[in-house]
Amino acid sequence: MFFADRLLNRFSTDLGIDLGTSTTLIFAQGKGLVVNEPSVVAINTRNGQVLSIGHEAKAMLGKTPQYVHMSKPLQRGIISDYEVVEKMLRYFFQKIHREHSLFVPRPRVVVGVPLDVTEVERKAVGDVMLSAGARDFFLIEKPIASAIGIGLPISEPIGNMVVDIGGSTTEIAVISLNGIVTSKSIPIAGDEMSRNITQYARDVFNLLLGEKAAEDVKVAVGSAIPLKDRMDVSMRGRDLLSGLPREIIVTDGQVREAIARSVRSIVEHIKSILEITPPELVADIYRRGVVLTGGGSLLRGMDQAIGEGTGLPVRVTEDPVSTVARGAGALLESKELLKDLALPKTDRIT
């Protein structure tokens, strides 16, 4: 049995996975990041068939006939539609192994899960991984995986503060000696900022924006602090009074006004975690700084807004979107550390 396991480990392509509400990322041993696709699936409700997954499905948002259901099967990083997640993962797994003509053993996977995941939700994640084609699975809290992906010394008696601003949640954690000392997960992140822009367009301009249009505006000119040079972008939607298409030009200042409450809320929650963190670790964080990860950290000036609000040095890590997947993948190389950090497994759902 031991020899068989070693043989399987040698030939399988093991995976580190970040199941995100907005994006699924998969890191493959020896290959790097092999999947970076939206967590979106288009389904034909007439026959139950999957029409498209990932980038192709996201391009269909808001443009489909009535019989096509656009599923976002992950909410706050938690599985909300088990069957759709299974189909999505099976598709990604097959895509990764497509280049192999010979039999490839089913992979071991390390999966990043949210801070406040329940036992039932852990069961669902483990079960869907096995059903989608994994041989074995390990669950790691996302802030820990991010810290490993960044290369922080989490095994040492040093305070490391990671703020992961994702699609649906912002996770704040202080890590020391391979464990989370203080933490908080809040439902305010990139998607909430896009909703802020949608609401602002409705309230100020009587303009109804689509989900993708609001996200495009945020990416184009969104910022957390005033910019040196003014930026503007066209915003297209449906006029709520006439019902006809309409285009207006909005500035970075207007978009900043729209998302200001969400930015302030993130800063306040970071301060609340610092208030309950042991002073020795706070001293380390003051010296070492706060590290931002996740797609939301790419908002212009987000690091400066947090720095001004907390008085701490703040930096955005390199390639912040993939830190969870890279950290989960790195753990595949360290069996002892993985054993220490993995959450307890639960019985498989039947």
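Read-outs: derived from the displayed coordinates by stated rules, not from any lab. This structure is a prediction, so every number in the text was calculated from the model and none was measured. Positions of Cβ are generated from backbone atoms using ideal geometry, with glycine treated the same way; all protein chains shown enter the neighbour counts.
Quick notes on this one:
- Where labels lie 7 Å past Cα in the beta-carbon direction, separation of Asp229 and Glu275 in nm: 4.1
- Cα-based reach from Lys58 at 25 Å (exclusive), listing lysines while leaving out same-chain residues under 8 positions away: Lys72, Lys87, Lys95, Lys142, Lys212, Lys218
- Identified option (computed semi-axes √(5λ) of the Cα gyration tensor in Å; candidates (i) 33, 22, 19; (ii) 34, 29, 15; (iii) 34, 27, 20): (ii)
- Ranked by how many other Cβ atoms sit within 10 Å of their own Cβ, fewest first, the residues Thr170, Thr64, Thr13 fall in the order Thr64, Thr13, Thr170.
- Net +/- balance of residues flanking Asn196 in space, Cβ distance below 9 Å, scoring K and R +1, D and E -1: +2
- Taking the Cα centre of the range 206-337 as origin and assigning +1 to Lys and Arg Cβ atoms and -1 to Asp and Glu Cβ atoms, the resulting dipole is close to 220 debye.
- Ala145 sits among other residues whose Cβ lies under 13 Å from its own Cβ, and their net charge, with Lys and Arg +1 and Asp and Glu -1, is -2.
- Listed by chain and number, the aspartates and glutamates placed with their C-alpha closer than 16 angstrom to that of Lys345 are Asp116, Glu119, Glu121, Asp127, Asp136, Glu141; residues fewer than eight positions away on the same chain are left out.
- Whole-Å distance, taken between Cα centres, linking the range 277-319 and the range 27-41: 27
- Put the Cα centre of the range 192-251 next to the Cα centre of the range 152-182 and the gap is 34 Å.
- Using the Cβ-Cβ distance between Ser242 and Ala59 with R0 set to 30 Å, the FRET efficiency from 1/(1 + (r/R0)^6) comes to roughly 0.60.
- Note on the chain: GNM, Cα springs under 10 Å; of Gln66, Gln49, Gln254, the largest mean-square fluctuation is that of Gln66.
- Taking every C-alpha pair closer than 8 Å and separated by at least 6 residues, the mean separation divided by the residue count of the chain gives a relative contact order of 20 percent.
- Overall Cα dimensions of the range 194-259, principal axis frame, Å, largest first: 37, 19, 18
- Extension gain from Ser155 to Glu211, taking 0.36 nm per residue of separation minus the Cα-Cα distance: 16.0 nm
- Each residue in Phe92, Phe27 was given a count of other beta-carbon atoms within 10 angstrom of its own, and listing them fewest first yields Phe92, Phe27.
- Summed side-chain charge close to Glu318 - residues other than Glu318 whose Cβ falls under 15 Å, Lys, Arg +1, Asp, Glu -1: -1
- Taking 0.36 nm per residue of separation and subtracting the Cα-Cα distance, full extension of the segment from Asn36 to Glu333 would add 104.8 nm.
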